[in-house]
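Student: Provided herewith is a single structure, encoded as structure tokens, for subsequent inquiry.
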Amino acid sequence: MQIPPKIIVLTGTPGVGKTVVAKALASKLNAQYISLGNIVKEENLVLEVDEARDTIVVDLKKLSKRIKEILGKSMGCVVIEGHYAPDVVPESFAPYIFVLRRELGKLKAEFEARGYDERKISENLASEMLDVCLVNAVGKHGLERVDEIDVTDMRVKDVVDEILKALDGRKSFKIGVVDWFSKLEEDGRLDEILALLEKF
Ligand SMILES: Nc1ncnc2c1ncn2[C@@H]1O[C@H](COP(=O)(O)OP(=O)(O)OP(=O)(O)O)[C@@H](O)[C@H]1O
Ligand SMILES: [Mg+2]
């Protein structure tokens, strides 16, 4: 009988570091690395291109089917990353889900460096501020399978170590570790970020 693979999911707002952390983690664990973004591109699993939002609408139904197929054949350990990963990895595979969080100022700088327009920056900052990925992950897979990590001042290596600690049981899974509203207020940046969101 085939042993079910151990599935590790990394999710979070664009720019939090899913790709770099997932690659480092997969290499450390000798695990299979799966990027949902790459599969979507390679297999053209796109429903439509939303020009106004400068984004694509992914065919989640087809992507879920593909992921189920891939995981069905996988053995050992698999690291899957993508901000819609909790939507396409079935609950029945009992994935361990890590939601990476990154402070809004750093994210904004990342988006500017990527050349995102104002609307795309606002939309993504709003998503981080409102815990969209976290709420979605917990909604789909339950509190006990989700761990939230504030990666803001962490090196990639340290994020990988945090994930390994949680997987080994040296640390319990925990959510509620960030509060961006209070942090922005403390840093005197709340008005600046809210003004950005108003444009969105
Ligand atoms: N812990 C970290 N320390 C320093 N830089 C980091 C860290 N994590 C990510 N980065 C840098 O931040 C940028 C964004 O990381 P990455 O591309 O992995 O994000 P992502 O979550 O995969 O984004 P997307 O959803 O758009 O694919 C990269 O330039 C990466 O090198
Ligand atoms: Mg990425």
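Student: So which trypsin sites (Lys or Arg not before Pro) in segment 1-82 are both in a DSSP loop and have at most 12 other Cβ atoms within 10 Å of their Cβ?
Tutor: Here the sparse-neighbourhood loop sites are Arg53.
Student: Filter the cross-link list Lys28/Lys73; Lys23/Lys108; Lys6/Lys183; Lys41/Lys106; Lys73/Lys106; Lys41/Lys174 down to pairs whose alpha-carbon distance in this structure exceeds 29 Å.
Tutor: Beyond 29 Å: Lys6/Lys183; Lys73/Lys106; Lys41/Lys174.
Student: Please say if segment 84-200 is rounded, prolate or oblate, where rounded means a/c under 1.5 for a ≥ b ≥ c the square roots of the C-alpha gyration tensor eigenvalues, and otherwise the choice is prolate for a/b larger than b/c and oblate otherwise?
Tutor: In terms of gyration-tensor shape, prolate.
Student: How compact is the chain by the rule of thumb for globular proteins, expressed as Cα Rg over 2.2 N^0.38 Å?
Tutor: Normalised Cα radius of gyration, the chain: 1.03.
Student: Assuming a ≥ b ≥ c are the square roots of the Cα gyration tensor eigenvalues, decide whether segment 136-196 counts as rounded (a/c under 1.5), prolate (otherwise, with a/b larger than b/c) or oblate.
Tutor: oblate
Student: Another question, then. Mind checking segment 1-98 for GluC sites (Glu not before Pro) that DSSP puts in a loop (not H, G, I, E or B) and that have at most 11 other Cβ atoms within 10 Å?
Tutor: Glu51
Student: So, counting K/R as plus one and D/E as minus one, what does the shell of residues with Cβ under 12 Å around Arg189 add up to?
Tutor: -3
Student: Report the Cα centroid-to-centroid distance between segment 53-125 and segment 176-199 in angstrom, as an integer.
Tutor: Distance between centres, Cα-based: 23 Å.
Student: Going by the alpha-carbon gyration tensor, a ≥ b ≥ c the square roots of its eigenvalues, is segment 34-116 rounded (a/c under 1.5) or, if a/c is not under 1.5, prolate (a/b greater than b/c) versus oblate?
Tutor: oblate
Here, each number is a calculation from the coordinates, and none is a lab measurement. Everything numeric in this text was worked out from a predicted model, so none of it was measured. Reconstructed Cβ throughout: ideal geometry from the backbone, glycine too, with neighbour counts over all protein chains shown.
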